[in-house]
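Q: Below are the structure tokens for one structure; questions will follow.
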Amino acid sequence: MSLERIVEYLRRSEEAIVDDVHPLRHSTALLTPSLPLVWQLNAVRVEQLDAPADELLAVVEDALGKASHRKLVVHDEKAGARLAPLLANEGWNVYRLLVMVHDRPSERSAAPGVGTEVDRATGGRALAAFRREQPFGWQPEAVQQLHSMDERYGRALRARDFAAPPDDPAAACRLYTADGLAQVDEVGTLERRRGRGYATAAVLAAVETALAEGCDPVFLLTDAADWPQQLYGRLGFSPIGLLYEFLKLPLGSGRP
């Protein structure tokens, strides 16, 4: 099943890019103290899906006690839905991540050459410009640490960058491929240049590359509560499941 293969891929890639992997009670700690501002590289992943919420919270507190955040990852829809109201009541942010696979032709098209593969330096600059517009973008160190995360993905997986237009990127994304799967990730468009089809062009270029290489499935993750899922639906992606992430931050923090 595609969802099971995707979850296994996500687990392997998570473990490949962090500094340390530690088995804990009911869970696994995925820790990267060298990049403390990248919350997704400093988290606890639930392994025992029926584990009591209070015990999981105690494990997270112990594993991430010195960090400025708390993060719990659940790669199971039923378990995540069970934990969601309990953690929300404790002040955690609940993120439902929609798993979408490309399974039909896109309803949209892009002019030839508008979206294409670019070198890492160009892709890195485009992603950094987009990230600086995010709530955490006032922290130069956070943007730099996210760039370091990108480099880790590049070493662990086959990672490529796509942008539109390539000579002056307004939108960019990354394509990761491993074990016959492909993930489109880090899709972003500069705010002042939105609404012109640049994200569509970049994503379609990445998808076409993955399909040409025989990757199956080609997938992405997106916030189930946000509008990009509608764009991805028009680009030929369909939802096949939900994953959960739970995040607790100091007052006033953004989300890198």
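The values are calculated or read from the model by the stated rules, or taken from the named source; none is laboratory data. From a predicted model like this one, the values you see are computed outputs, not experimental measurements. Cβ sites come from the backbone with ideal geometry, for glycine too, and all protein chains shown count toward neighbours. Surface accessibility is based on the protein's heavy atoms, side chains included, excluding ligands, DNA and RNA. Shrake-Rupley method; radii C 1.70, N 1.55, O 1.52, S 1.80 Å.
Q: Please state which one of Val94, Val46 is touching a Pro at 6+ places or on another chain (Cβ under 9 Å) and among the hydrophobic types (A, V, I, L, M, F, W, C).
A: Only one candidate passes the filter, namely Val94.
Q: Can you tell me which residue in the range 95-132 is farthest from Ala159 (Cα to Cα), limited to those that are assigned to a helix (DSSP H, G or I) and charged (D, E, K, R)?
A: Arg132
Q: Mind counting the residues in the range 26-73 that are among the polar types (S, T, N, Q) and open to solvent by 50 Å² or more (accessible area, probe 1.4 Å)?
A: 4
Q: Scan the range 213-230 for residues that are out of contact with any Gly (no Cβ under 7 Å at 6 or more places or on another chain) and within 14 Å of Gln183 (Cα to Cα) and jot them down.
A: Glu213, Gly214, Pro217, Val218, Phe219, Leu220, Leu221, Thr222
Q: Next question. Scan Thr122, Thr116 and give me the residue that is open to solvent by 40 Å² or more (accessible area, probe 1.4 Å), closer than 22 Å to Arg193 by Cβ and among the β-branched types (Val, Ile, Thr).
A: Thr116
Q: Applying the selection to the range 132-143, what residues are at pLDDT 90 or above and surrounded by fewer than 19 Cβ atoms within 10 Å (Cβ to Cβ)?
A: Matches in the range 132-143: Arg132, Glu133, Pro140, Glu141.
Q: Does Ala43 satisfy the criteria of being in contact (Cβ under 8 Å) with a residue 12 or more places away in the chain, within 19 Å of Ala79 (Cα to Cα) and out of contact with any Lys or Arg (no Cβ under 7 Å at 6 or more places or on another chain)?
A: So Ala43 does not fit the description; no.
Q: Further question: Looking only at the range 76-96, filter to residues that are of a type in the set (A, V, I, L, M, F, W, C) and surrounded by 20 or more Cβ atoms within 10 Å (Cβ to Cβ); which one of those is nearest to Arg11 (Cα to Cα)?
A: Among them, the one singled out is Leu83.
Q: Can you pull out the residues in the range 174-200 that are within 21 Å of Leu35 (Cβ to Cβ) and without any contact (Cβ under 8 Å) to a residue 60 or more places away in the chain?
A: The answer is Arg174, Asp185, Glu186.
Q: Scan the range 227-241 and give yes if some residue there is assigned to a strand (DSSP E or B), at pLDDT 95 or above and surrounded by 22 or more Cβ atoms within 10 Å (Cβ to Cβ), otherwise no.
A: There is at least one residue in the range 227-241 that is assigned to a strand (DSSP E or B), at pLDDT 95 or above and surrounded by 22 or more Cβ atoms within 10 Å (Cβ to Cβ).
Q: Just a yes or no: is a residue in the range 171-180 open to solvent by 10 Å² or more (accessible area, probe 1.4 Å) and over 19 Å from Gly123 (Cβ atoms)?
A: Yes, the range 171-180 contains a residue that is open to solvent by 10 Å² or more (accessible area, probe 1.4 Å) and over 19 Å from Gly123 (Cβ atoms).
Q: If you go through the range 162-209 one residue at a time, how many are in a strand (DSSP E or B) and more than 23 Å from Gln230 (Cα to Cα)?
A: So the count comes out to 2.
Q: Is it the case that some residue within the range 208-224 is of a type outside the set (A, V, I, L, M, F, W, C), open to solvent by 20 Å² or more (accessible area, probe 1.4 Å), at pLDDT 95 or above and within 17 Å of the chain's Cα centre (by Cα)?
A: Looking for residues that are of a type outside the set (A, V, I, L, M, F, W, C), open to solvent by 20 Å² or more (accessible area, probe 1.4 Å), at pLDDT 95 or above and within 17 Å of the chain's Cα centre (by Cα), one finds at least one in the range 208-224, hence yes.
Q: While we're on this one: Do we have Glu186 as closer than 16 Å to Thr122 by Cβ, open to solvent by 20 Å² or more (accessible area, probe 1.4 Å) and of a type in the set (Asp, Glu) here?
A: Yes, satisfied.
Q: Quick check: anything in the range 141-155 under 20 Å from Val99 (Cβ atoms) and of a type in the set (Val, Ile, Thr)?
A: Within the range 141-155 (the criterion being under 20 Å from Val99 (Cβ atoms) and of a type in the set (Val, Ile, Thr)), the answer is no, since none of the residues qualifies.
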